[in-house]
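Just below is one structure, and these are the notes that go with it.
The values are calculated or read from the model by the stated rules, or taken from the named source; none is laboratory data. Please read these numbers as outputs of a predicted model, since none were measured by experiment. FYI the Cβ positions are ideal-geometry reconstructions off the backbone, even for glycines, and counts take in every protein chain you see.
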Amino acid sequence: MEQVMKKKRSHCRRKFGATWRTLGLAFLVGSAAVTLGCGGGNRPAPPATCDQPCKDGVVLRALRVGMRFAYNFAIQSKPVGMQDEMVPCIPSGNVHIVGDAQSNAMLGTSELNLTYTFTDCVNPAPQNTTPERNYKLTMNGAVTENGTLAMGGPTTSLTLIGTGMGFSGTVYDPPVDYVEMDCEVKANQDGNNMTGMVCGRMAQGFSGF
């Protein structure tokens, strides 16, 4: 009887010993999987790359923002009619605006036929958390602006055509070098949306400035 009990105890020790070894191995494997999984989840996503349409879209944004700043600074509060204004760029360079600007107080619109000539105009954007809103460009060349600028009521509808445009500096975040000379720009603003071409390439469109 005693020998039978010894055999049973020995069998139980072997059985439970194997069970604990199996559980221990499973725990280690599971822990490793959890560790690897958590480590992978904590890795920051790599920054998105900015392809050519993206870079050209940032340049188009920079040009439009520069034009809007110059218009608001020099033309918006002036009497209607023929315009001839020099606007300083910050930190350096200038924009010369000439042409005709008429207003319709009833509709809250302005009819524009203006030419903006950029001369070594450095146009940096304030640091922004949205990558494509970042740029620091020096701009040269002339851009005509034709169409309706709406302050309320009807929708803004403008056509921009630039010839001999030069852009040099950086776009996007992290910054990407951008240099183009003797470049043609064709763009349309419909409401708050911009689409167009830069240097014969379709640029990435955008909304808002």
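When Thr156 is tested against the conditions (1) more than 23 Å from the chain's Cα centre (by Cα); (2) under 26 Å from Gln102 (Cβ atoms); (3) not basic (Lys, Arg), the lone failure is (1).
Scanning segment 77-92 for residues that are under 27 Å from the mean Cα position of the chain (by Cα) and loosely packed, with under 13 Cβ neighbours inside 10 Å, we see that the one that is farthest from Phe209 (Cα to Cα) is Ser92.
Being outside any loop (DSSP other than H, G, I, E, B), charged (D, E, K, R) and assigned by TED's automatic domain parsing to the domain that holds Val65 is the requirement here; does Asp173 meet it? Judged against the criteria, Asp173 is not a match.
So is Arg133 under 20 Å from Gln189 (Cα atoms) and out of contact with any strand residue (DSSP E or B) (no Cβ under 7 Å at 6 or more places or on another chain) or not? Yes. Would it be correct to say that Thr49 is at pLDDT 50 or above and either under 26 Å from Asn188 (Cα atoms) or outside the structural domain of Pro126 (by TED's automatic domain parsing) (or both)? Yes; evaluated as a whole, the condition is true for this residue. Could you list all residues from segment 69-109 that are part of a loop (DSSP other than H, G, I, E, B) and charged (D, E, K, R)? Selection gives Lys78 alone. A single entry from Met139, Met181, Met197 fulfils the requirement of being closer than 20 Å to Tyr116 by Cβ and buried (at least 20 other Cβ atoms within 10 Å of the Cβ): Met139. Looking for something under 24 Å from the mean Cα position of the chain (by Cα) and surrounded by 19 or more Cβ atoms within 10 Å (Cβ to Cβ) - is there at least one such residue anywhere in segment 108-118? Yes, there is a match, as at least one residue in segment 108-118 is under 24 Å from the mean Cα position of the chain (by Cα) and surrounded by 19 or more Cβ atoms within 10 Å (Cβ to Cβ). For segment 82-121, the set of residues classified as under 21 Å from Arg61 (Cβ atoms), of a type in the set (A, V, I, L, M, F, W, C) and without any contact (Cβ under 8 Å) to a residue 40 or more places away in the chain consists of Val87, Cys89, Ile90, Val95, Ile97, listed by residue number.
Take segment 110-132 and flag every residue that is in contact with a helix residue (DSSP H, G or I) (Cβ under 7 Å, 6 or more places away or on another chain) and either outside any strand (DSSP E or B) or closer than 21 Å to Gln204 by Cβ (or both). The answer is Asn123, Ala125, Glu132. Within segment 71-107, being modelled with pLDDT of 95 or more and among the hydroxyl-bearing types (Ser, Thr, Tyr) holds for Tyr71, Ser92. Tallying residues that are over 22 Å from the mean Cα position of the chain (by Cα) and over 15 Å from Cys121 (Cα atoms) within segment 162-190 yields 2.
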